Structure formats: structure tokens, C-alpha cells
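Comments concern the structure below.
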Amino acid sequence: LQTKLPAVGTTIFTVMSALAAEKNAVNLGQGFPDFNCDPQLLQAVTDAMAAGHNQYPPMPGILPLREAVAAKIETLYGHRYDAQSEITVTAGATQAIITAILAVVRPGDEVIVLEPCYDSYVPNIELAGGTVVRVPLTPGSFRPDFAKIAAALTPRTRAIIINTPHNPSATVWTEAEMRQLEDLLAPTDVLVISDEVYEHMVYTGARHESAARFPGLAARSFIVSSFGKTYHVTGWKVGYVAAPAALSAEFRKVHQFNVFTVNTPMQHALARYMADPAPYLELPAFYQRKRDLFAAGLAKTRFKLLPSAGTYFQCVDISELSELGESDFCQWLTREIGVAAIPLSAFYGDGFDQRVVRFCFAKKDETLQLAIERLARL
Ligand code: PMP
Ligand code: GLN
């Protein structure tokens, strides 16, 4: 069989979660909470099902949910999207991203990704027939390098994918950086796919700089988010995309034929739950406490902590601890020490190994404590 994706195997998250389960290791690899969501959200699903919301919803999503999303974006980021024509409910951020790419990337178009990047972007671009243009984030700091991004722009550049707060590095773009991107793209018609799934996980008072805050970016962006991350329900696979009407129309042409609609009762439950902003407004404090608990434990180990300004990830330098490369280290750590992590090399096309691995701290305190006990033996 001639494969369409010769470089693609099974995603690292599946590989490491399977190994963690097999070895009964504490799974700090794949990013998902090991605790349940708010019972009120579960009740809202039960109520929606009992009320008969069990058939196909409207193709772009139920209007009350789209209205709730539009209201949230306006309140937090000051940009008004029209719920009818500019917000679409998706099957998680994953489907939003591939749908946006399939909707706008034509064969031969170039799409810039900033490495390290989330592992679905590159295969998505390839499936659309696009050419992937990899631009490294600054080694060490993981900050965007605008000279390099500028140098990568060509008349064939169709889009750039950005991600803040950033998986895997846990950096958060500043207002100045977003403005630099806005200025850089101003003379072009390059589109932006802004992956903002960790928008509500930003720490120590910093703020999330959504592309929606910057008119020059909002006008050219698909902004993607995920209820899975925000409400501790990654398995529900519900997210959304916000984009200007013309871009949303193109998005929906693809969306209607790759998923058509997203499950109805969860949409009703999420619409009801979103009426109260407290759950997402309280999320930074909730996760910052876990971040600090985990970091305090790691401080007693030989891991060197990198800053975690956002997301639910903590990266650590392993170079003082082991001679192994990242990937072998993660395998060894899972098998022998009983803690799973993700190698950053999985987020680079060439497997670049900088001796850094990623832990997820979206876990019960006792899970984090158990992991720390095991890691302290190193
Ligand atoms: N983008 C990034 C940066 C992510 O970390 C994730 C979750 N792993 C996704 C997209 C996909 O989100 P969802 O589970 O909603 O599809
Ligand atoms: N986004 C999550 C992570 O980075 C996992 C998503 C997945 O398993 N595809 O760990």
C-alpha cells in the first residue's frame, strides 16, 4: 500500500498511555485530568438527554452554545463574533484544526508551524496537500523568533499556526509578541490558525493574549478552543472555532462533510454550564496550586525545572540525571520508576533531542504526590 503519511506512526500520547497502563505507572504523559468534572455539568447532560435532546443538532452547533461562546469571547477579549455566522461547534480542537486546514490549504500552499508543535498539525497540512514550513521557536526560551518567521514568509504562504499557551513548552505569548505577528502579517493575506485550547490556564497574573484581542489578527484567524481542557472532560471531544464569516463559511463546507454535527446533549449541557463564568475564571488558581505543588516536589529531585507560565504541563531538563536520550528516558522512567512522561522530541519533525521531557500536572494531589515520591528516588 502506498501510504499518504509515510512519516506518521502512532501518536506519542497513545504509545505512552498504553505503556503506562501496562506497567501500572503514574501517567503524567498524555494531557488529561484524572479527576472528574463538576457534578453540575454531569447533571446538565442527564437533564439534556431526558429532555429529548438526542437527535442531530444544527450543523454549526446549537445556537445557545454558540451565543455563550460569543459572549465569553466578547467579555474576555473584547471582540464580538456573530454567533450565527462566526462560531462553529466542533468535535474537539483536533477536528477544528484539521477542518480549518482542509478548508483553506490548497495543494502547494505553504503553512508555517513553529516547532516544537502539537503533533497533529504537520500530518493535517500534508493531508491537505500543503507544504510544511518549520520555523523553530528560540531554543531554550521557546519564544517566537520574528526574524525567522519573516524569513519563512513567501508569496505561497497560506497560513501560520500558532499556539498559546503553548503545548509542550508551557510558554505564553506576550501582548508585544502578538502585536509583532499582527504587524508582520499586515501587508500579507496569510491566514492564522490560533490554537488556544489552554486559554484559561495562565499563571501568576499573566493574561492570555487571544488573537481575538488584535483586530488585525482576528480578521484573518481561526481561533480554536476546547471544552475538554476547560471543563475537565477531554473524552467528550467538544470544542469550537471562531472566525470571520467568510472564513467560517469555508470551514463549514468541510465540517458538514467530515463530522456534520457534534453530539447534541453535551452541547445543551455546555450551553447551560457556560452561563456561570466562575468555572473558567477559577481555573488559573485551581491549576496554579497544582503546578506549585508539583514543582515544590520536583525541587527535591535532580530534575531541573523549566518555567511553566501556562497550560497544565511542566517541562524538566533531564541532562543532570541521565545519559539517555529523551525518548529512551521516558520509556525507562515509565518501566523502571513507574512515572510516564512525554519526550519533547515528539513535537519536532526531526526528533530534535534537547534533554527535556514534559509532565502533565492535571492530576489529583495524591497522584502528584505518588509521582514525586517515585521521582525523588532518582
Ligand atoms: N491542540 C493542543 C495544543 C492540544 O494540546 C490539544 C489536546 N491534546 C488539542 C489541540 C486537541 O484538543 P481536543 O482534545 O479538544 O481535540
Ligand atoms: N493534548 C494532549 C497532550 O498533549 C493529548 C491529546 C491526545 O492524546 N491526542 O498530551
Completion exercise
As straight-line cross-link partners of Lys23, the qualifying lysines (C-alpha separation under 20 Å, not fewer than 8 residues apart within one chain) are Lys363, Lys364
Handout entry: Alpha-carbon Rg/Rh ratio, for the range 56-276, with Rh computed the Kirkwood way
Key = 0.94
Handout entry: Semi-axis lengths (Å, descending) of the ellipsoid that matches the C-alpha gyration tensor of the chain
Key = 31, 26, 20
Handout entry: Estimated dipole of the chain in Debye, rounded to 20 [Cβ of Lys and Arg +1, of Asp and Glu -1, Cα centre]
Key = 220
Fill in the blank from the handout: About its Cα centre, the range 56-276 carries a charge dipole, from +1 on Lys and Arg Cβ atoms and -1 on Asp and Glu Cβ atoms, whose size in debye to the nearest 20 is 280
Completion exercise
Quick note on His255, His79, ordering by fewest other C-beta atoms within 10 Å, gives His79, His255
Completion exercise
Expressed in µm² per second, the diffusion coefficient of the range 237-340 from the Stokes-Einstein equation, with Rh the Kirkwood radius over alpha carbon pairs, at 10 °C and 1.306 mPa s, is 87
Problem - For the range 240-293 versus the range 302-373, the gap between their alpha-carbon centres in whole angstrom - result: 28
Exercise for the section: Would you mind pulling out the separation of the Cα centroids of the range 7-61 and the range 70-119, in Å? Expected result: 21
Practice task
Wrap a convex hull around the Cα atoms of the range 283-351, take a quarter of its surface area, and give that in square nanometres.
Solution key: 5.3
Exercise for the section: Positive end of the charge dipole of the chain (Lys, Arg +1 and Asp, Glu -1 on Cβ, about the Cα centre): tell me which of Gln40, Phe146, Thr230 has its Cα farthest that way. Expected result: Gln40
Exercise for the section: Take a quick pass over the range 56-276 and tell me how many lysine pairs come in under 22 angstrom between Cα atoms, counting only ones 8 or more apart or on separate chains. Expected result: 4
Problem - Exposure proxy order (Cβ contacts within 10 Å, fewest to most) of Val133, Val69, Val233 - result: Val133, Val233, Val69
Exercise for the section: For each of Val45, Val8, count neighbouring Cβ atoms within 10 Å of the residue's Cβ, then give the residues from fewest to most. Expected result: Val8, Val45
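Values quoted throughout were computed directly from the atomic coordinates according to the rules given, and no laboratory measurement underlies them. Given the structure is predicted, the values throughout are model-derived calculations rather than measurements. Positions of Cβ are generated from backbone atoms using ideal geometry, with glycine treated the same way; all protein chains shown enter the neighbour counts.
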